[in-house]
Amino acid sequence: AQSVSQHNHHVILSEAASLELGCNYSYGGTVNLFWYVQYPGQHLQLLLKYFSGDPLVKGIKGFEAEFIKSKFSFNLRKPSVQWSDTAEYFCAVNVVVGRSQGNLIFGKGTKLSVKP
Amino acid sequence: DTAVSQTPKYLVTQMGNDKSIKCEQNLGHDTMYWYKQDSKKFLKIMFSYNNKELIINETVPNRFSPKSPDKAHLNLHINSLELGDSAVYFCASSQQGSRPNYGYTFGSGTRLTVV
C-alpha cells in the first residue's frame, strides 16, 4: 500500500524566511500529488496539485511545489513566509489506475509556526 | 453555496450514545468520503463510497456505518460511542475519471467530543 512521509513535524520560522517542507511517497506507478493547508480551527484547503506536465507547480498564496519522480518527492516551497502562513500543511497522494483515482492518502502533516 | 456541508459543526455526547453526522455535496460528484482527524492532526480515511461500491478501511470499527440515501449525501452513523471516537470528522467528495480536474473538496468538519 502506498504511504506518504512528511519529514518535519514542526517547523518554526521568522517572517520573510524561506520555506521548504519535504514530502516523499512510496508508489512506483502513476500518482496525483497534492498539498493541503489547514489553518487553525478550519477545514482543509487545496494549495496546489500535480497531475502531469511541468513538474514545477504553482499554487495559491505564493506556494509552489516540485515533483521529482526519481526521488518520489513533492516538496512544498515558499520564498518568503508571512505570519498568516501559520498552519498545518498536509501532503497527499492518490494512485491512478486507468480512469480510476484511488483514495487520497495523507502524510502526518507539518505544523508551520511563523514568528512575527 | 457551500460545496460540501456537514452538520453539526460541534457534537458533544456521552459514552454509549448513538449519533449521526450528515454530509451533503452540491458539486455533482460521484464519490464521497469520510476522514477522521485525530488529536495529532493525522488524517485517516474511513470510507469511500460511490454509486457502485462502498470501500471500508478495515481498521474502522463496525460501530461506524456510512449511509447514503442518494449520491449527494453520505451520512456517518456511530453506535455506542467511546471516548476514543473523539476527533474531527471530515466529509469530502470527488469526481472519478476527471483528471486533471480531479481533486477532493472537503467539508468544514465536525468536532465530536465524547464525555
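Quick note: the coordinates plus some simple rules give every number you see, no bench work behind them. Please read all numbers here as calculations on a predicted model, not as lab measurements. Every residue, glycine as well, gets a Cβ built from its backbone with ideal geometry; the counts of neighbours run over all protein chains shown.
FRET efficiency for the residue A:69 to residue A:17 pair, using the beta carbon distance and R₀ = 35 Å, is estimated at 0.80. Close Lys pairs in region A:40-100 (alpha-carbon distance under 17 Å; sequence gap of 8 or more, or different chains): 6.
How big, on average over all directions, is the shadow cast by the Cα convex hull of the protein assembly as shown, in nm²?
Details: hull surface 51.2 nm².
For the Cα atoms of the protein assembly as shown, the hull's average projected area reads 12.8 nm².
Here's the picture: charge each Lys and Arg Cβ at +1 and each Asp and Glu Cβ at -1 in chain A, and of A:44, A:3, A:97 the one pushed furthest to the positive end of that dipole is A:97. Would you calculate the separation in nanometres between label points at residue A:61 and residue B:82, each defined as 7 Å from the Cα along the Cα-to-beta-carbon direction? So the label points at residue A:61 and residue B:82 sit 3.5 nm apart. Anisotropy class assigned to region A:4-115 is prolate, per the alpha carbon gyration tensor with a/c at or over the 1.5 cut-off and a/b larger than b/c. Using a Förster distance of 25 Å, how high is the FRET efficiency between residue B:18 and residue B:59, based on the Cβ-Cβ distance and rounded to 0.05? So, using R0 = 25 Å, E works out to roughly 0.75.
On alpha carbon coordinates alone, what is the Rg over Rh value for chain B, Rh being the Kirkwood radius? Don't skip to the answer; put the middle values down first.
Numbers: Rg = 13.7 Å, Rh = 14.3 Å.
Taking Rg over the Kirkwood Rh, I get 0.96.
Subtracting the Cα-Cα distance of residue B:73 and residue B:44 from their residue separation scaled by 0.36 nm leaves 8.4 nm.
Only Cα pairs under 8 Å and 6+ residues apart enter the sum, and on that basis the relative contact order of chain B stands at 38 percent.
Distance from the alpha carbon centroid of region B:12-84 to that of region A:1-48 works out to 24 angstrom.
Please average, across the residues of A:39-47, the number of beta carbons from any other chain that are within 10 Å of each residue's own beta carbon, and give a whole number.
Details: counts 0, 0, 4, 2, 12, 11, 2, 4, 0.
The mean count of partner-chain Cβ atoms within 10 Å per residue comes to 4.
What you get for region B:4-114, charging only the Cβ of Lys and Arg (+1) and of Asp and Glu (-1), is a dipole of about 240 debye around the Cα centre.
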